[in-house]
Amino acid sequence: MKFLFYLIVLFLLLNGFTANRVANSLIRDSCKKASKNSEPHYYKFCIASISENPESQQVKNIDELIRVGVKNAISNMTNVKGIVERILKERKYTSKLSEKMLRVCVKLYSEGTNSLTKCLEYIKLRDFDKVHNTIRHARVVPRECEMGFNDDNKQKSPVTKENDVLFDTVDIAQSFNYYAHVNPDI
């Protein structure tokens with residue numbers, strides 16, 4: 001009886017190690033494709049940001065990895081929105097114009113989060129063209145926020161670094177989907 005118990009435990013341990021190897025390999029391969037035309041830091045960032053989500057260690061296929069990427073993007077967008085809301089609440093902006101632009105950014109982040117949440121539904125439905133188009137909409141949110149500050153109005157965004165990370169995080173999910181379903185032959 002003890003032998004059977006040890007055999008089952010050994011099987012479960014080996015199965016867990018195999019699952020982690022599959023997930024890690026999938027993450028590395030997907031990040032390699034995603035970073036093909038990107039800056040040198042992107043590959044390491046992709047692996048780190050996806051791997052920090054505990055769900056990533058359970059993925060068995062690219063669709064599950066896309067879902068993890070979208071969830072990371074939702075989390076990041078929610079965090080950046082919270083930072084901007086805190087700046088507004090604590091009145092840490094430099095002018096009325098900055099306040100106005102930050103309020104526009106909060107609205108953009110809300111729209112982006114809604115779009116990414118829809119992506120999760122489209123992934124379940126396996127409608128990957130809609131996933132692509134919806135992520136594409138969310139991907140421009142951090143750039144639109146920054147553009148409001150970087151026009152000729154001489155305002156400085158207090159969340160430039162956060163928006164750069166957000167852009168890359170959303171781009172990871174979009175790249176995973178693009179190379180797996182929109183244009184898999186590349």
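The values are calculated or read from the model by the stated rules, or taken from the named source; none is laboratory data. Keep in mind the model is a prediction, meaning the values are calculated, not measured. Note that each Cβ is placed from the backbone with ideal geometry, even for glycine, and that neighbours are counted across all protein chains shown. Accessible surface is based on the protein model in full, side chains and every heavy atom, while ligands, DNA and RNA are left aside. Shrake-Rupley method; radii C 1.70, N 1.55, O 1.52, S 1.80 Å.
A few points about this structure:
- Pairs from LYS81/LYS124; LYS32/LYS60; LYS71/LYS92 whose Cα-Cα separation, in the structure shown, is over 24 Å: LYS81/LYS124; LYS71/LYS92
- Fluctuation leader among GLY112, GLY69, GLY82 - the chain, Gaussian network, Cα springs under 10 angstrom: GLY82
- Disulfide-incompatible cysteines by the Cβ rule (no partner under 4.7 Å) in the chain: CYS119
- Within the chain, the longest segment free of exposed loop sites, counting GluC sites (Glu not before Pro) that fall outside DSSP classes H, G, I, E and B and have at most 14 other Cβ atoms within 10 Å, spans 91-186.
- Relative contact order of the chain, pairs being alpha-carbon contacts under 8 Å that are 6 or more residues apart, as %: 25
- Among (1) 314; (2) 145; (3) 118, the entry derived from the coordinates for volume of the Cα convex hull per residue in Å³: (2)
- For the set PHE176, PHE167, solvent exposure ranked by accessible area (probe 1.4 Å, protein chains only) runs largest to smallest as PHE167, PHE176.
- With both labels modelled 7 Å from their Cα along Cα-to-Cβ, the ASN37 to ARG136 distance reads 1.3 nm.
- Two-site label geometry, GLU85 and ASN53: point separation in nm, points 7 Å out along Cα→Cβ: 2.1
- Integer Hz, Karplus 6.51/-1.76/1.60 couplings in order for segment 125-142, x for Gly and Pro: 7, 6, 9, 6, 5, 5, 4, 4, 5, 6, 5, 4, 5, 5, 5, 7, 3, x
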